[in-house]
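Report on the following structure.
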2 protein chains.
Amino acid sequence: MNNAQLLRVQNFNVSSDGFGAGEPQSLERPFGHVDPGEIFAWCGATASWPYRTGGGGTRGLDDYFVRDYDRNIGAEIMGRNKFGPQRGPWEDHEWQGWWGDEPPFHTPVFVMTHHTRPSFTLSDTTFHFVDDDPAAVLAQAREAARGKDVRLGGGATVIRQFLDAGLVDTLHVAVSRAEFGSGARLWESPDELDDRFHHEAVPSPSGLTHHLFWRRDLE
Amino acid sequence: MNNAQLLRVQNFNVSSDGFGAGEPQSLERPFGHVDPGEIFAWCGATASWPYRTGGGGTRGLDDYFVRDYDRNIGAEIMGRNKFGPQRGPWEDHEWQGWWGDEPPFHTPVFVMTHHTRPSFTLSDTTFHFVDDDPAAVLAQAREAARGKDVRLGGGATVIRQFLDAGLVDTLHVAVSRAEFGSGARLWESPDELDDRFHHEAVPSPSGLTHHLFWRRDLE
C-alpha cells in the first residue's frame, strides 16, 4: 500500500478541444457559453451522482469514476473561478459558493485567490481563502487532510499551475465529444503530459473517453 | 443516492472460455491446473493491491477496480471451495482459510457448506459457516452488513447459484485472454446475462476486459 499523500485531479471534464469551461463566466452562466448540463450529463446519469434523487442510474464504467470521487480525499484545492463568478476585491461576503447548504466536498477546501476573506463552514465543508503559490497551498491542504490525499478541483487554469510546478501526482480527466471552441484551456492534447506521466485512454460506452495519468516517478 | 443493500460480485476473474478456476483443486493447487499468479497478475500490478509491498504499481483503469473492492461492503458470502481445498466432513478445525492472520475481508464472511463448524475470528474478519439456501444466506449476510452492501466472493459455482436464484444486483467480472479448457464454469459467454442485466464490456490497456453488469430492474 502507498501511504504518501497524493495530489489528485478527479472527474475533471474537458471538451474534445481541451477546454474546461467556456467564456465569459458569470453568475447566470458559470461555464460561460457552455451548458453545464452538457458537461455533467455523464456524471448525472450514474447511480453514485450525489445529487441524484430517487434510485436508478447506471452502474457501468462511468459510475466507478463518480463513486471514487471522495475515496481517501481529506482536502480540496480549487481556484477562485470555481468558487464563484466574482472577480477582483469582494464587495461583501454573502457569496458562499455554488453548492448550497450541503456542499459535496465534506472536507476543508482551500480557495486560491489574491483577495482573501474569512473562512466559513457549511455543514461539514470549511472554505479557506489563501493567497499563496501552489506549493505553499498544497502544504496547507496536506496538513488539513490528516494523512489522506488532496483533490485538485480545478478549474483548468489552476490545474495548469500545479502541473507546471510539477506537483500533480494523478489525473482523471473525462474528455467529451463536444467542442467548446474557446474558454479555459487545460491542454492542446492529452498527449502533452506523456513525458512525465503514464497515460491510459479508456473509451466509455457512454461516449466519453476517460484519460488516466499517474506520475512516472511515483513510488 | 441508492440506499438498498446490494449483492455485488467484485473483481471475479474468469478465463476467456468462462472458467473461474481449473481442476482438480488441492492445497498445493488451489486453482487446479491453473497458475494463480496468472489469474491475479492484473490485480497484483496495481497500486491498490492489498498485498503490495513497498510503493509503485499502476494507477490506471485496473486500479479503480481493485480499490473499489471494499467500498461500502459490509459482509462477504463465499463457497466452501473458496475457503479451502477440503471436501466432505471436517477432520479438524485447524484450517482457517488461505489468507493468514490478516484476511483481506475485514467484515463478517459467510461460508456456504453442508458441513458447518464453529465461527472464528482472525483480526477484523469473522468466518461463519452456514448450511442454507442462497436467499437465507443472503438474509443473514445483509443483517451482518449493517446497511452496507454484500460482496459475493465466488467461486463460480456459488455465483451461478445466486444468479439462478435472481439474487445478484451487480457484477464486475475480469475476463483474461487465457483459456483454461476445463474447471469451474461461470458462463459460456458473458452475453448470457444480457436478458436481465445492463452490460458494459470495457477493454483494459493491460489486456483484460472488464465486464460490468447491473440488474435491469434495479432502482
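The values are calculated or read from the model by the stated rules, or taken from the named source; none is laboratory data. Source: prediction; values computed, not measured. Here the Cβ is made from the backbone with ideal geometry for all residues, glycine too, and neighbour counts use every protein chain on show. Note: accessible area is taken over every heavy atom of the protein model, side chains too, but ligands, DNA and RNA are not part of it. Shrake-Rupley method; radii C 1.70, N 1.55, O 1.52, S 1.80 Å.
Could you give every pair whose Cβ atoms fall below 7 Å, whose first residue belongs to the stretch A:183-202 and is under 12 Å from A:LEU163 (Cβ atoms), and whose second residue is among the charged types (D, E, K, R), counting only separations of at least 6 or pairs across chains?
Sorted first by the residue in the stretch A:183-202, then by its partner, the pairs are A:LEU186/A:ARG160; A:ARG196/A:ARG215; A:ARG196/A:ARG216; A:PHE197/A:ARG215; A:PHE197/A:ARG216.
Working carefully through the options B:ALA139, B:ALA184, B:ALA145, B:ALA174, find the one that is open to solvent by 50 Å² or more (accessible area, probe 1.4 Å) and of a type in the set (A, V, I, L, M, F, W, C). Write out each step before concluding.
Working: B:ALA184 fails: open to solvent by 50 Å² or more (accessible area, probe 1.4 Å); B:ALA145 fails: open to solvent by 50 Å² or more (accessible area, probe 1.4 Å); B:ALA174 fails: open to solvent by 50 Å² or more (accessible area, probe 1.4 Å).
Criteria check complete, one pass: B:ALA139.
For the stretch A:19-60, name all the residues that are under 23 Å from A:THR209 (Cα atoms), open to solvent by 40 Å² or more (accessible area, probe 1.4 Å) and polar (S, T, N, Q).
The one that is under 23 Å from A:THR209 (Cα atoms), open to solvent by 40 Å² or more (accessible area, probe 1.4 Å) and polar (S, T, N, Q): A:THR58.
Just name the residue that is farthest from A:GLY37 (Cα to Cα) out of those in the stretch A:164-178 that are part of a loop (DSSP other than H, G, I, E, B) and either of a type in the set (Val, Ile, Thr) or within 16 Å of the chain's Cα centre (by Cα) (or both). Before the answer, list the steps.
As a first pass, look at the stretch A:164-178 and keep what is part of a loop (DSSP other than H, G, I, E, B): A:165-169, A:176-178.
Applying the additional criterion that residues be either of a type in the set (Val, Ile, Thr) or within 16 Å of the chain's Cα centre (by Cα) (or both) yields A:167-169, A:176.
On the way: A:LEU167: 31, A:VAL168: 28, A:ASP169: 29, A:SER176: 12 Å.
The extreme case among them is A:LEU167.
B:ALA156: in contact with an Asp or Glu (Cβ under 8 Å, 6 or more places away or on another chain) and either basic (Lys, Arg) or within 27 Å of B:HIS210 (Cβ to Cβ) (or both), yes or no? Please lay out each step first, then the result.
Values: in contact with an Asp or Glu (Cβ under 8 Å, 6 or more places away or on another chain): no; either basic (Lys, Arg) or within 27 Å of B:HIS210 (Cβ to Cβ) (or both): yes.
Judged against the criteria, B:ALA156 is not a match.
I'd like to verify a number: residues in the stretch B:179-219 that are outside any strand (DSSP E or B), over 21 Å from A:THR58 (Cβ atoms) and either aliphatic (A, V, I, L, M) or facing chain A (nearest Cβ under 10 Å) (or both), how many?
4
State which residue is farthest from the other protein chains (Cβ to nearest Cβ) when the search covers only the stretch A:38-76 and only residues that are among the hydroxyl-bearing types (Ser, Thr, Tyr) and assigned to a loop (DSSP other than H, G, I, E, B).
A:TYR69
Quick check on the stretch B:105-112. Is at least one of its residues over 19 Å from B:GLN5 (Cα atoms), in contact (Cβ under 8 Å) with a residue 60 or more places away in the chain and either within 14 Å of chain A (Cβ to nearest Cβ) or open to solvent by less than 50 Å² (accessible area, probe 1.4 Å) (or both)?
Within the stretch B:105-112 (the criterion being over 19 Å from B:GLN5 (Cα atoms), in contact (Cβ under 8 Å) with a residue 60 or more places away in the chain and either within 14 Å of chain A (Cβ to nearest Cβ) or open to solvent by less than 50 Å² (accessible area, probe 1.4 Å) (or both)), the answer is no, since none of the residues qualifies.
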